[in-house]
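Each remark here refers to the structure printed beneath this line.
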């Protein structure tokens, strides 16, 4: 994928610009979408052998879209503000004509016959899709180490995890392989990767972005959202993919707030009159010292910008992790029952004995699912079984209600709630693979938002003492996503003024000439 356009000499410039800057340059005629898209494809070819953010790179499809946008713009057509800006999509989102595996062997080679609603909206906006990003199998994990197609590496330190389950999307954005990406967040899988890679990650209000065409993990928790390098870019992308969809029975009918206006208002750095609540239960024992230090420094910046800062207690948050890891496996065990080798995807036929539907299903699921998926299916099936439903799943749902009540009480006192996004910086690959409980604890600060259906954002707010990025989490009431963007943009502006530029400018530079960790797949099925 060598560039044959004038962009060849300025690939680095184009790949490091924000989506908003690229959109402005495209509208002004300073650059073409083909140049921008090719620059990112060249960047993928140069560094993704080390990062492994992508499972599939759709170069031909992306360039075809880019050429179409350039032709329409040259003809004077009125285009979407983000037309021509390329994007990467997490591989749990269905894409017509492009492989979709959900990071699992059981879907290896599956090419969907339709697009998810959010993909339809990306295509309608004229945004070239660069490819599909790596992820924990069926979004089950906190490190992207549970992908059937190999680990994704953190661009800040290739020996460390990029977060999960959407580590591929976060790593693609952090390593300048894509200016924008789509992730999904079931218990923190947009926000936690954002924290450990120095990117912005947003989980919209549940129902604010259609789930039609998302391969379901836990239907009452899953939510797609933006992965970007700036808060404004997240607002721009959120407005593309958000809004009502009649094909999704849980889709909100309310119009989206003006998210871009909120982000632009926040860029002024004035938070006078905004009440910010520090959640005591999400900022104590178990949080890395450097994470806590950066959080305290960010709180001081918000206070100096005029925000009123108070402490808020949400006592039932202490039970959120346990409730989540009963609700999620229960819903997953039901949602994943359709992967049986009968209708699509992998089919394994036993080589010995009689061939029955039951034996084919057993063999297919045995070989097609990884250990973490099997673990959660077993746990969820047990929790839903006769005699245990009320004791486990039913009790977890009662705790969920208590957590929702905690949020409701807290938002009577404050406009937004804040905490560190994750308790630690990125840990080393393999460090927690043999300890599922330790792995699950990485989501301790992000899970409550999913249980309550409220929106959340992670904004990079510095590096810890180990030189790795940390994130600052902002939570708002349901349907008040605009509050995230105002506060997040204000904090971002204050931090960048203090730092003298974006946090990712301080990340180690990835260069070509490395020893590839995998063979780049540009068309066909993932490696």
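Each value in this text was obtained by applying a stated rule to the coordinates, not by laboratory testing. The structure displayed is predicted, hence computed values, not measured ones. Every residue, glycine among them, receives a Cβ derived from its backbone with ideal geometry; neighbour counts consider all protein chains shown.
Can you give me the pair-distance distribution of region 309-355, C-alpha pairs, 5 Å bins, whole percents?
Calculated P(r), rounded to whole percents: 5, 14, 12, 12, 12, 10, 9, 7, 6, 5, 4, 2, 1, 1.
When a footprinting reagent is the concern and you count Cβ atoms within 10 Å, what order do 499, 110 take, fewest first?
Ranked by crowding around the Cβ, least crowded first: 499, 110.
Is region 308-401 best put as rounded, prolate or oblate by its Cα gyration tensor, with a ≥ b ≥ c the root eigenvalues, rounded for a/c under 1.5, and otherwise prolate when a/b is larger than b/c, oblate when not?
prolate
Could you sort 275-282, 414-421 so that the peptide with the highest average Cβ count within 10 Å comes first and the rest follow in order?
Highest-to-lowest ranking by the protection proxy: 414-421, 275-282.
With n ≥ 4 as the cut-off for DSSP H runs, can you work out [θ] at 222 nm for the chain, using -39500 (n - 2.57) per run divided by the number of residues, rounded to the nearest 500?
That calculation yields -11500 deg cm²/dmol at 222 nm.
Fewest Cβ neighbours within 10 Å first, please rank 105, 203 accordingly. The partial results should precede the final answer.
Working: 105 19, 203 34.
Lowest to highest Cβ neighbour count: 105, 203.
Relative contact order for region 317-426: what is it in percent, counting Cα pairs under 8 Å that are at least 6 residues apart?
Value for region 317-426: 34 percent.
To check you understand DSSP bridge types, tell me what percent of the beta bridges within region 131-231 (both residues inside) are antiparallel, rounded to 5.
In region 131-231, approximately 100 percent of DSSP beta bridges are antiparallel ones.
Hey, how much of the P(r) for the chain falls beyond 43 Å, as a percent of Cα pairs? Please report the intermediate quantities before stating the final value.
Working: 16000 of 138601 pairs.
Value for the chain: 12 percent of Cα pairs lie more than 43 Å apart.
Could you compute the FRET efficiency for residue 497 and residue 412, with r as their C-beta to C-beta distance and R0 at 35 Å, rounded to 0.05?
Using R0 = 35 Å, I get an efficiency of 0.60.
Return the Rg/Rh value of region 320-468, two decimal places, where both radii are evaluated on C-alpha atoms and Rh is the Kirkwood radius.
Ratio of gyration radius to Kirkwood radius for region 320-468: 1.07.
Based on the mean of other Cβ atoms within 10 Å per residue, sort peptides 77-83, 129-135, 160-166 so the most packed one is first.
Ranked from most to least packed, the peptides come out as 160-166, 129-135, 77-83.
Measuring from the lowest to the highest alpha carbon on each principal axis, how far does region 44-140 reach, largest first, in angstroms?
On the principal axes, region 44-140 reaches 45, 31, 19 Å in Cα extent.
What is the spin-label model distance, in nm, from residue 248 to residue 402 if the labels are put 7 Å beyond Cα along the C-beta direction?
With each label placed 7 Å out from Cα toward Cβ, I get 3.1 nm.
In nanometres, what is the gap between the two model label sites at residue 308 and residue 337, each 7 Å from Cα along Cα-to-Cβ?
5.1 nm
Find how much the distance from residue 390 to residue 356 grows on full extension, using 0.36 nm per residue of separation minus their present alpha carbon separation; answer in nm with one decimal.
Numbers: separation 34, 0.36 × 34 = 12.24 nm, distance 3.45 nm.
Value of the extension gain: 8.8 nm.
Nearest 0.05, what FRET efficiency do residue 344 and residue 16 give at R0 = 41 Å with Cβ-Cβ as r?
Taking R0 as 41 Å, the efficiency between residue 344 and residue 16 is 0.55.
Using the C-alpha atoms of region 279-334, what convex hull volume per residue, in cubic angstrom, is computed?
Roughly 116 Å³ of hull volume per residue.
Could you tell me the relative contact order of the chain? Use alpha-carbon pairs under 8 Å, at least six residues apart, and round to a whole percent.
19 percent
Take peptides 232-245, 307-320 and line them up by average Cβ neighbours within 10 Å, highest first, as a rough protection proxy.
Put in order of decreasing packing, that is 232-245, 307-320.
Give the order of 389, 212 when sorted by the count of other beta carbons within 10 angstrom, beginning with the fewest.
Final ranking by Cβ density, sparse to dense: 389, 212.
For q values of 0.16, 0.18, 0.20 Å⁻¹, compute log₁₀ I(q)/I(0) with the Debye formula on a Cα-only model of region 391-502, without solvent.
Debye curve over Cα of region 391-502, log10 I(q)/I(0) at q = 0.16, 0.18, 0.20 Å⁻¹: -0.88, -1.02, -1.13.
Just the number, please: percent antiparallel of the DSSP beta bridges in the chain, rounded to the nearest 5.
65 percent
If you split all Cα-Cα distances of region 204-299 into 5 Å bins from zero, what percentages do you get per bin, shortest first?
2, 11, 15, 15, 16, 18, 13, 8, 2, 0
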